[in-house]
Amino acid sequence: MPFGYHQGRLHCEGVALEEIAAAAGTPVYVYSAGAMRSRLHALQRAFAGQRAMFCYALKANHNLAVVRLLAGEGAGADTVSGGEVMRALKAGVPPERIVLAGVAKADEEIRLALASGILQLNVESVPELRRISAIAQAMGTTASVAIRVNPDVAAATHDKISTGRKQDKFGIAYETAPEIYALAASLPGVRPEGLHMHIGSQITTLEPFEKAYGRGVALFRTLREQGLPMRRLDLGGGFGVRYLHESAIDPEALAALVGRLTAGLDCELLFEPGRYLVAEAGVLVAAVIYVKEAQDRRFVILDAGMNTLMRPALYGARHDLLPLREAPAGTHLQPADVVGPICESSDVFGRDYHLPPMAPGALVAFTTAGAYGAVMASDYNSRPAPAEVLVDGGRFDVIRERRLPEEQFAGERIPDWLASGAP
Ligand code: LLP
């Protein structure tokens with residue numbers, strides 16, 4: 001357990017979170033290096049008998065230190081923009097371990113990917129395929145491509161994070177795949193040697209994976225029979241974690257399933273886990289600013305809000321909340337609505353959290369905040385996005401400084417014609 005109470009204080013590995021809050025201020029995201037490593041190792045161990053590579057989905061948490069840490073343990077990178085390719089390279093991920101996905105790759109992004117010599121571009125449409133073909137040809141190179149196929153499987157997760165159903169914007173329709181692969185094979189500058197799919201995120205049972213992977217493997221075989229040079233099956237990410245009562249996907253069970261479905265296929269396997277590697281390794285530490293008794297409710301008002309952790313406002317997601325000081329046994333827990341400082345009614349982390357009495361200055365931690373937390377933070381209401389800290393054993397470092405208020409408008413300009421007039 002990366003987070004737990006020792007002598008009444010909540011710790012991340014060997015460091016008290018209070019100590020980090022005092023050094024880095026609040027709100028602050030705190031990550032356990034050990035927890036990230038152990039999640040990656042669990043996947044690597046489970047798939048040891050299969051030719052599998054884990055390309056960490058940077059979108060979950062793109063901090064350079066996090067990417068470096070995982071790359072150092074053998075992870076590759078799943079990227080979705082030129083910016084993410086640059087981050088992955090900067091963090092030290094070897095290009096031959098980087099894949100680039102995304103429905104809207106612009107010419108410069110395609111050029112950057114090809115010039116960097118990344119492993120594979122995951123193609124989402126025929127127009128994109130033609131664009132990559134033309135650019136690669138102009139650059140005198142050949143792009144290794146995987147086509148993202150939409151298996152039309154409902155992922156049994158939140159509507160907004162399902163990606164593999166017919167109505168979703170991702171990939172090409174399953175039935176059209178043989179035709180589109182044939183087209184790819186006929187185009188110069190592209191080599192269709194991979195098949196890509198990703199059905200959604202925070203999936204906590206194996207059934208949707210079984211369905212989707214089964215369809216992917218069947219198609220992979222058909223394409224081989226069609227004479228395509230298929231060598232890589234990229235099964236995406238989506239492995240669910242524990243927020244409240246769910247259980248995280250079991251790597252051993254997943255590996256057994258994949259082993260069974262791909263038996264005799266003789267290909268490289270790629271996975272794109274994001275959340276699974278980092279979510280439970282992170283917390284968001286915030287301070288109580290006020291406790292307000294009003295409208296027959298108790299509001300605990302924090303210095304973190306929807307601008308710091310957007311998931312509750314955007315998806316109705318619930319993150320557990322722990323006080324940094326452990327409540328003594330027998331403390332009467334009271335229901336409270338936990339809210340942020342932002343001027344919007346949706347700035348609510350959750351209703352009816354059961355909390356010990358809290359005073360201004362008390363510190364709390366939202367759990368399972370390592371994925372899709374800091375990356376989705378913003379400066380809304382001119383509240384600077386938070387700092388990030390990485391803990392390893394008894395050591396901690398700030399890996400992202402808190403933005404200064406004046407940094408927020410450093411790039412803004414008042415045009416001369418406005419500046420000359422007196423306000
Ligand atoms: N590969 C592709 C093509 C993806 O679209 C995604 C996530 C992943 C891999 C990584 O999925 P993961 O292993 O993390 O589930 N902001 C949302 C999640 C959006 C996920 C988007 N795609 C949230 O906070 O729940």
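What is the residue count in segment 379-392 for residues that are in a loop (DSSP other than H, G, I, E, B), within 16 Å of PHE349 (Cβ to Cβ) and not charged (D, E, K, R)?
1
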- Across segment 216-228, what is the number of residues that are touching a Phe, Trp or Tyr at 6+ places or on another chain (Cβ under 8 Å) and part of a helix (DSSP H, G or I)? 2
- Note on the structure: Selection from segment 229-242 of residues touching a residue at least 40 places away in the same chain (Cβ under 8 Å), surrounded by 20 or more Cβ atoms within 10 Å (Cβ to Cβ) and either assigned to a loop (DSSP other than H, G, I, E, B) or touching a Phe, Trp or Tyr at 6+ places or on another chain (Cβ under 8 Å) (or both) yields ASP234, GLY236, GLY237, GLY238, GLY240, VAL241
- List every residue pair whose Cβ atoms lie under 7 Å apart, where the two residues are 6 or more positions apart in sequence or sit on different chains, the first residue falls within segment 254-283 and is within 16 Å of the ligand (Cβ to nearest atom), and the second residue, located anywhere, is of a type in the set (S, T, N, Q) and not in a loop (DSSP other than H, G, I, E, B). ALA281/SER32
- Query: Only one residue in LEU302, LEU284, LEU321 is under 15 Å from PRO335 (Cα atoms) and touching a strand residue (DSSP E or B) at 6+ places or on another chain (Cβ under 6 Å), so which one is that?
  - Reply: LEU321
- Restricting attention to segment 318-341, does a residue exist that is within 16 Å of the ligand (Cβ to nearest atom) and either outside the structural domain of ALA374 (by TED's automatic domain parsing) or closer than 13 Å to GLY373 by Cα (or both)? yes
- Note on the structure: How many residues of segment 43-70 are within 28 Å of ALA256 (Cα to Cα) and surrounded by fewer than 18 Cβ atoms within 10 Å (Cβ to Cβ)? The answer is 6
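Suppose we keep only residues that are of a type in the set (Gly, Ala, Ser), more than 12 Å from the ligand (Cβ to nearest atom) and part of a strand (DSSP E or B) within segment 169-215. Which one would you say is farthest from GLY227 (Cα to Cα)?
In this case the residue turns out to be ALA173.
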- Query: Would you say ALA88 is more than 15 Å from the ligand (Cβ to nearest atom) and at pLDDT 95 or above?
  - Reply: no
- Kindly establish whether ALA60 is touching a residue at least 24 places away in the same chain (Cβ under 8 Å), in contact with a Gly (Cβ under 8 Å, 6 or more places away or on another chain) and within 19 Å of LEU309 (Cα to Cα). yes
- Only one of ALA57, ALA52 that is touching an Asp or Glu at 6+ places or on another chain (Cβ under 6 Å) and hydrophobic (A, V, I, L, M, F, W, C): ALA57
- Query: For segment 137-157, which residues satisfy the criterion of being hydroxyl-bearing (Ser, Thr, Tyr) and not in a loop (DSSP other than H, G, I, E, B)?
  - Reply: SER144
- Message: Looking only at strands (runs of 3 or more DSSP E) that lie completely in segment 250-357, which have at least 2 residues being at pLDDT below 95?
- Response: 282-294
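The values are calculated or read from the model by the stated rules, or taken from the named source; none is laboratory data. Quick caveat: nothing in here was measured; it's all calculated off a predicted structure. Cβ: placed from backbone, ideal geometry, glycine included. Neighbour counts: every protein chain shown.
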